[in-house]
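Step one of this worksheet: look at the structure below.
Bear in mind that the values in this text are calculations on the coordinates, not laboratory data. Everything numeric here is computed off the predicted structure, so don't read it as measured data. Positions of Cβ are backbone-derived with ideal geometry, glycine not excepted, and every protein chain shown enters the neighbour counts.
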Amino acid sequence: MADLTGKVAIVTGSGNGIGRATVMKMAASGAKVTVSDVLVEDGQKVVEEIKALGGEAIFVEADVSNEDHVKNLIDTTVATYGRLDILVNNAGVGGGQLRTHEIDLADFMRVMAINVGGTFLCTKYALPHFLKQKDGRIINIASTYGLIGAPKAAAYCASKGAIINYTRQLTVDYAPEGIRTNAICPGYIDTSLGRRRSTLSDDALVAAIARREKAAAMQPLGRQAQPIEVANVAAFIVSDEASFMTGSIVTVDGGCVTTFNYGEASN
Ligand SMILES: NC(=O)c1ccc[n+]([C@@H]2O[C@H](COP(=O)([O-])OP(=O)(O)OC[C@H]3O[C@@H](n4cnc5c(N)ncnc54)[C@H](O)[C@@H]3O)[C@@H](O)[C@H]2O)c1
């Protein structure tokens, strides 16, 4: 198990899903953590869960696309714990099932502002602390959809592809200063992302979930993952055990991007 004793970590969007599992895993591994989300009740619940397990956690409300919120997130964490060692840029949104000619500029830009802009802003304001201590560990949660094209996911694919190359760029600029930056590309993970499509009717939601489960079943491991299966990898990457790992784009996807879907075909 990764040992994060004495480290301080921020995980954005950690009120639910992969972020929640990651912040809980890091707390269980000894880190003092900041849970952050736009959903206050969800985030506060995670803090209570961590404390009940004997961990140390605070909640800071922050929309990662809002510069003032992000500054406050970083400042409050450092004021509370006296340092910052780990940043997980996890907060993200989908962009609806839309192709390019169907999506409005405003909707496209909103996805970019949260997924890419949020990653930029949190990293920008965390970096001075990392530079001061010549140590910092950043994980950007991208997606397999940043590595390949996917049907009707124009904004999401564009944003996740940007996060992947930004991860490499950060490595070039900051690895010489002792800061490691890596990206994780989850495949189909069983979280609320697929379940919280408020615009869908109940029937449509059931159909969307079924589609997702069917798509996951066609991948090499044949199932969706639980969020903890991503969190375990994240905790390892930010630990000292992964000390030579930077600029890596790590798939945690049950083998999704090793192949294309052969369907019924075989040779
Ligand atoms: N679930 C998957 O299959 C999957 C696959 C690949 C990548 N991802 C990525 O993993 C990350 C987490 O997704 P998830 O599946 O756990 O989703 P989720 O919806 O369960 O959790 C995302 C959390 O982010 C928060 N959030 C949304 N917008 C925010 C903002 N502007 N500022 C701060 N917080 C915000 C939400 O309130 C929510 O609590 C996302 O970046 C997503 O793109 C998920």
Among Gly254, Thr77, Leu121, pick out the residue whose Cα is farthest towards the positive end of the charge dipole of the chain, where Lys and Arg carry +1 and Asp and Glu carry -1 on C-beta, about the Cα centre.
Gly254
What dipole magnitude, in Debye to the nearest 20, does segment 57-115 give about its Cα centre under +1 on Lys/Arg Cβ and -1 on Asp/Glu Cβ?
180
Helix 40-52 sits off the longest principal axis of the Cα atoms of the chain, rounded to the nearest 10 on a 0 to 90 degree scale, by 60
For the chain, modelled as a GNM with alpha-carbon contacts under 10 angstrom, which of Thr191, Thr144, Thr251 fluctuates the most?
Thr191
Counting alpha carbon pairs within less than 8 Å and at least 6 residues apart, what relative contact order, in whole percent, applies to the chain?
19
Could you identify which residue out of Asp202, Asp253, Asp190 has the top mean-square fluctuation in a GNM of the chain using Cα springs shorter than 10 Å?
Asp202
Helix axis angle, 154-174 relative to the chain longest principal axis, alpha carbon, degrees:
30
Please arrange Lys134, Lys160, Lys32, Lys45 by counting, for each residue, the other beta carbons lying within 10 Å of its beta carbon, fewest first.
Lys134, Lys45, Lys32, Lys160
Note the full-extension length gain between Glu49 and Leu221 as 0.36 nm times their separation in residues minus their Cα-Cα distance, in nm to one decimal.
58.8 nm
Quick one: helix 118-133 against the long Cα principal axis of the chain, what's the angle to the nearest 10°, folded into 0 to 90?
30
The exposure ranking of Leu121, Leu53, Leu87, fewest beta-carbon neighbours within 10 Å first, is Leu53, Leu121, Leu87
Applying the Karplus parametrisation 6.51 cos²θ - 1.76 cosθ + 1.60 with θ = phi - 60° to the phi angles of segment 95-106, what ³J(HN,Hα) value in whole Hz is obtained for each residue in order, glycine and proline being reported as x?
x, x, 8, 9, 8, 4, 6, 9, 9, 6, 4, 4
Stokes-Einstein diffusion coefficient of the chain, Kirkwood radius over Cα pairs, 10 °C, 1.306 mPa s, in µm²/s
85
With no solvent and one equal point scatterer placed on each C-alpha of segment 130-175, evaluate the Debye formula and give log10 I(q)/I(0) for q = 0.16, 0.17, 0.18, 0.22 Å⁻¹, two decimals.
-0.50, -0.54, -0.58, -0.73
If all Cα-Cα distances of segment 17-121 are sorted into 5 Å bins from 0 onward, what percent lands in each bin, rounded to whole numbers?
2, 12, 20, 22, 18, 11, 7, 5, 3, 1, 0
Where the only charges are on Cβ atoms (+1 Lys, Arg; -1 Asp, Glu), what is the dipole of the chain about its Cα centre, to the nearest 20 debye?
340
Sorted from fewest to most neighbouring beta carbons within 10 Å, what does the list Arg168, Arg180 look like?
Arg168, Arg180
